[in-house]
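Only one structure is covered here, and it is reproduced in the block below.
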């Protein structure tokens, strides 16, 4: 238990220092222009989100988001008329989302909270939504059980977890990046890799430090995954096959898993040339985002 809490503290500290998506805009953080740029980027690269979520569907419904990040999906729930509640493990995220709602004159119930111990009564929400969050908490199953507990009868869970049987996991992370990380052993490595891939140079310098201090540990499967999903320094990330993910939703009914998001950024040359129809089809097979949609 103590070890899990220490890990969770490290997860908090990483995301407190690196709010998800904050590096996609050069606008002043917390400004309307910043939030607009973040939203444009999110829905251009992850165009499937509005299709899957169907924000207008939740008008007048009680919606809980676990891990509200910079509030991009949050603000779209609220614009559509949902009664929105958002939690996050980090104070900075809650502050940013509160600022975003203030800019648009919308209301939200926002609080710092732990996904594994939700501060809500049983049967409280029509939808519990969590996008790319629960694979970063030490006890993912406990968090999913909490989703079930706070859902109303016949309520819907939408949870995105990282997909193991994906292009991003097998080709990008576990093949190309494992080859490329060896370049970081050279002094010029971080700058070269930055120019080659566009990867954040500050994070590449952190990977270089990790590689030089303990290459064997960094190259272990779990640690390499941690460091190559959401940036160097990330203490925890997990991936799941469809069957593994669905096993965690056995309390639910009608649970189904669907893959999205091809992550074309990490497909050299061909990623820019893929026709949209081909991208959609490939994402459905080997997309990086595995969505589990289920009812209580």
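Enumerate the pairs (first residue in the stretch 41-59 and more than 19 Å from residue 22 (Cα to Cα); second residue anywhere and exposed (fewer than 15 other Cβ atoms within 10 Å of the Cβ)) with beta-carbon separation below 6 Å, excluding pairs fewer than 6 apart on the same chain, so at least 6 apart or on different chains.
59/81
Can you give me the ranges of the helices (runs of 4 or more DSSP H) entirely in the stretch 106-217 with at least 1 residues that are without any contact (Cβ under 8 Å) to a residue 12 or more places away in the chain?
Details: elements: 140-150, 189-197, 201-213.
The helices (runs of 4 or more DSSP H) meeting that bar are 189-197, 201-213.
Could you check how many residues of the stretch 186-229 are under 25 Å from residue 165 (Cβ atoms), modelled with pLDDT of 90 or more and either surrounded by fewer than 14 Cβ atoms within 10 Å (Cβ to Cβ) or in contact with a helix residue (DSSP H, G or I) (Cβ under 9 Å, 6 or more places away or on another chain) (or both)?
Qualifying residue count, the stretch 186-229: 11.
State whether one or more residues within the stretch 80-88 are touching a helix residue (DSSP H, G or I) at 6+ places or on another chain (Cβ under 7 Å), modelled with pLDDT of 95 or more and under 15 Å from residue 12 (Cα atoms).
Yes, that holds for at least one residue.
Any idea which of (1) modelled with pLDDT under 90; (2) farther than 30 Å from residue 127 by Cα; (3) under 20 Å from the mean Cα position of the chain (by Cα) is the one residue 263 doesn't satisfy?
(2)
Looking at 100, 117 in this structure, which one is surrounded by fewer than 19 Cβ atoms within 10 Å (Cβ to Cβ) and at pLDDT 95 or above? Walk me through it before giving the result.
Numbers: 100 fails: surrounded by fewer than 19 Cβ atoms within 10 Å (Cβ to Cβ).
Answer to the selection: 117.
For the stretch 222-256, name all the residues that are closer than 28 Å to residue 19 by Cβ, more than 16 Å from the chain's Cα centre (by Cα) and in contact (Cβ under 8 Å) with a residue 12 or more places away in the chain.
Keep residues of the stretch 222-256 that are closer than 28 Å to residue 19 by Cβ, which gives 222-240, 245, 248.
Narrowing the set further to residues that are more than 16 Å from the chain's Cα centre (by Cα) leaves 222-224, 248.
If the condition is that a residue be closer than 28 Å to residue 19 by Cβ, more than 16 Å from the chain's Cα centre (by Cα) and in contact (Cβ under 8 Å) with a residue 12 or more places away in the chain, then 224, 248 are the ones that fit.
Looking at the stretch 218-296, what helices (runs of 4 or more DSSP H) fall wholly within it and have at least 3 residues that are over 20 Å from residue 178 (Cα atoms)?
Working: elements: 221-227, 242-247, 270-273, 276-286.
Hits in the stretch 218-296: 242-247, 270-273, 276-286.
So which of 33, 6, 65 is touching a helix residue (DSSP H, G or I) at 6+ places or on another chain (Cβ under 9 Å) and either assigned to a helix (DSSP H, G or I) or buried (at least 18 other Cβ atoms within 10 Å of the Cβ) (or both)? Write out each step before concluding.
Working: 33 fails: touching a helix residue (DSSP H, G or I) at 6+ places or on another chain (Cβ under 9 Å); 6 fails: touching a helix residue (DSSP H, G or I) at 6+ places or on another chain (Cβ under 9 Å).
Every option except 65 fails the conditions.
The values are calculated or read from the model by the stated rules, or taken from the named source; none is laboratory data. If you're wondering where the values come from, they're calculated on a predicted model, not measured in any experiment. Don't worry about glycine lacking a Cβ; one is built from the backbone with ideal geometry, like all the others, and counts go over all protein chains shown.
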